[in-house]
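The values are calculated or read from the model by the stated rules, or taken from the named source; none is laboratory data. No experiment lies behind these values; they were computed from the predicted model shown. Cβ atoms come from the backbone with ideal geometry, glycine included; neighbour counts cover every protein chain shown. With ligands, DNA and RNA removed, areas are computed over all heavy atoms of the protein, side chains included. Shrake-Rupley method; radii C 1.70, N 1.55, O 1.52, S 1.80 Å.
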Amino acid sequence: MAEIWEVLTTVLVGFLILDFLKLLWSSRDYPPGPLPLPLIGGLWFIGTKLSKDSFTKLSKQYGDICTVWVWHQPVVVISGFHAIKESLSNHSQDFANRPISSFLLKVGKGKGVAFANGPAWKEQRTFTINALRQLGLGKKDMESKLQEVAHQLVETFARTKGQPMDPLPFINASVCNMICVLNFGYRFSPEDTKFQMILEYISNYTKFGGSAFLLLYELFPWLVKHIPGPHQKIEASIQTGKSIIKEEAEKHSQDLALRQPKDFLDLYLLQIGKKQSEPNSTFDSENMAHCIMELFVAGTETTGCFLKWALLLMAMYPDIQDKVYKEMETILGPSGSICYEDRWKLPYTQAVLHEIMRSKYFMLFGFPRETVKNVNVCGVSIPKGTFILANFRSVLHDPKQWENPKEFNPNNFLDKEGNFTKKVEFLPFGTGARICLGEHLARHESFLLFTNLLRSFKLQLPEGVKELNQEPLIGITLHPQPFKICAIPHCRSSLNR
């Protein structure tokens with residue numbers, strides 16, 4: 001028996017040595033990074049738990065372009081404004097691909113925009129951008145529908161009567177309803193069964209995206225697909241999402257020929273009809289479903305995360321909150337609806353919104369990319385097909401670009417005269433060929449929801465609470481820890497606009 005264990009031990013040690021030598025040989029072609037060890041690669045440097053500063057720590061040790069190995073998978077992390085601009089902006093097409101993992105290939109099949117590549121991605125992305133522009137965010141019809149959602153959120157807060165409340169479910173419902181207006185042309189009642197199914201789909205998708213089980217699936221897909229787990233729940237949620245979109249598409253199709261298109265679904269259905277005679281067209285019901293589901297997940301998760309941080313910070317910094325309120329009251333007056341164009345009249349409010357996005361950047365890193373070909377940036381060679389992570393947090397929190405970057409300070413976006421000023425280093429939506437196509441939508445949603453709430457309520461900490469935890473929950477996005485606030489009405493008339 002002892003001899004068998006000796007043989008097995010010898011074989012295992014031999015395997016680990018060979019694996020180590022293979023990793024060392026392969027690492028010659030990639031930027032420097034933590035020594036890759038058998039089985040764990042370079043993850044020993046990051047540790048067992050990711051933090052919001054894990055990749056910044058990596059860049060300080062190994063440079064702005066470095067490699068961390070996840071077993072046999074090299075991941076190149078790009079940090080700092082200069083390196084990110086040089087790679088993702090100046091060489092944008094060389095970094096335009098999206099790595100398609102085992103799980104994404106199974107659930108997405110290369111459809112939609114976010115996780116598609118090549119001509120299909122370009123065609124779907126171009127259409128989506130044009131469709132969003134055609135729907136006219138900021139124009140009267142769409143603006144009024146989005147304002148209705150914002151007013152609904154104000155009414156929901158008003159029903160709490162100033163008592164401590166968890167704003168999370170109210171925020172998620174309102175942001176999701178704005179995406180419903182964009183996709184389907186109308187908003188749902190918060191109690192609607194279909195609406196609850198959409199919210200559940202988004203929740204399941206984002207929870208799985210930030211879970212350790214996803215990494216397990218990617219490393220051992222041949223094993224995980226045969227065992228029960230959360231991957232089955234997300235697969236079922238995706239099918240539910242598709243069925244909801246199919247049902248909506250059937251309703252939209254009934255009278256589409258008799259009216260003007262009013263939402264994204266209408267425009268996509270028209271595009272399918274327009275392209276149906278083209279044999280290589282990518283416009284079909286599958287791509288339509290995935291594009292719409294991406295708008296739901298990305299639009300709800302990012303804007304919802306931003307607004308949670310916004311409410312937390314306003315309750316923590318009442319002096320800044322008061323300045324925002326007074327600016328709106330002074331410039332816009334006590335009555336009338338707020339529209340997106342009003343942002344140009346509100347420099348301090350604009351600065352606060354941007355500082356929330358900067359100081360509480362809601363992601364660990366940008367969505368992964370992949371090099372289309374061998375590329376040399378900043379004197380560093382990166383092979384074709386390399387998995388790329390852009391550390392945008394390093395830019396948004398760079399002490400060379402921002403004064404006291406870890407502090408919440410709206411003056412980062414104001415000049416000496418108090419005018420709002422743009423910063424080229426402000427990159428929460430990414431940059432280059434894969435820059436977030438929903439940036440304008442996210443800004444629109446954030447502005448309307450934030451200003452309507454602060455115009456109607458004074459946000460306060462509950463009695464006895466001196467501060468709120470500002471350490472984020474680590475996941476696919478960085479949400480604040482659960483918290484409660486009190487929404488005290490400014491005046492009765494503000495709630496009846």
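Some observations on this one:
- Fraction in percent of alpha-carbon pairs per bin - 10 Å, region 252-300: 24, 48, 26, 2
- From the largest down, the chain spans 84, 58, 49 angstrom on the principal axes of its Cα atoms.
- Solvent exposure, largest accessible area first (probe 1.4 Å, DNA, RNA and ligands not counted), of Trp69, Trp44: Trp44, Trp69
- Annotation: region 1-41 has a Kirkwood hydrodynamic radius of 11.5 angstrom, from the mean reciprocal C-alpha pair distance.
- Note on region 11-76: dipole from Cβ charges, positive end direction compared against Trp69, Leu24, Thr56; the farthest Cα belongs to Thr56.
- The distance between label points at Lys140 and Glu247 comes to 3.4 nm (points 7 Å beyond Cα on the Cα→Cβ vector).
- Accessible solvent surface per residue of the chain, calculated while the other protein chains remain in place, 1.4 angstrom probe, Å²: 47
- FRET efficiency estimate (nearest 0.05) - Cβ-Cβ, Lys225 to Lys384, R0 30 angstrom: 0.60
- Listed pairs Lys22/Lys60; Lys194/Lys233; Lys106/Lys225 exceeding 19 Å between Cα atoms: Lys22/Lys60
- Compactness check for region 419-494: Cα Rg over 2.2 N^0.38 Å is 1.47.
- For region 404-446: span of alpha carbons on each principal axis (Å, largest first): 33, 21, 16
- Heavy atoms of Leu21 accessible to a 1.4 Å probe, total area in Å² rounded to 10: 100
- Region 92-159-region 313-389 distance, computed between alpha-carbon centres (Å): 17
- Accessible-area value, Trp71, 1.4 Å probe, nucleic acids and ligands omitted, Å²: 70
- Carbon + sulfur, % of accessible area of region 212-316 - ligands and nucleic acids excluded, 1.4 Å: 58
- With each label modelled as a point 7 angstrom along the Cα→C-beta vector, the Ser285-Gln254 pair spans 1.7 nm.
- Sites Leu39 and Gln470 - FRET efficiency at Förster radius 45 Å, r taken between beta-carbons, to 0.05: 0.80
- Apportionment of accessible area to carbon and sulfur, region 96-159, percent (1.4 Å): 54
- Among 144-152, 400-408, 414-422, sorting by the average number of other beta carbon atoms lying within 10 angstrom of each residue, highest first, gives 144-152, 400-408, 414-422.
- Given their separation in residues at 0.36 nm each and the Cα-Cα distance between them, His490 and Leu12 gain 165.1 nm when the chain is fully extended.
- With only the Cα atoms considered, region 310-406 has a convex hull volume of 154 Å³ per residue.
- If only the Cβ of Lys and Arg carry +1 and only the Cβ of Asp and Glu carry -1, the dipole of the chain around its Cα centre is close to 420 debye.
- Measuring only protein heavy atoms, the 1.4 Å probe finds Val380 accessible over about 30 Å².
- Evaluated at q = 0.18 Å⁻¹, a Debye calculation over the C-alpha positions of region 75-231 (equal weights, vacuum) places log10 I(q)/I(0) at -1.23.
- Put simply, when 51-59, 176-184, 467-475, 162-170 are sorted by average Cβ atoms within 10 angstrom per residue, most first, you get 176-184, 51-59, 162-170, 467-475.
- Counted charge near Lys274, where neighbours are those whose Cβ lies closer than 15 Å (Asp, Glu -1; Lys, Arg +1): -3
- Point-to-point label distance, Ser51-His440, nm (Cα→Cβ direction, 7 Å offset): 4.1
- With Cα atoms as the point set, region 198-313 shows a radius of gyration and Dmax of 17.7, 53 Å.
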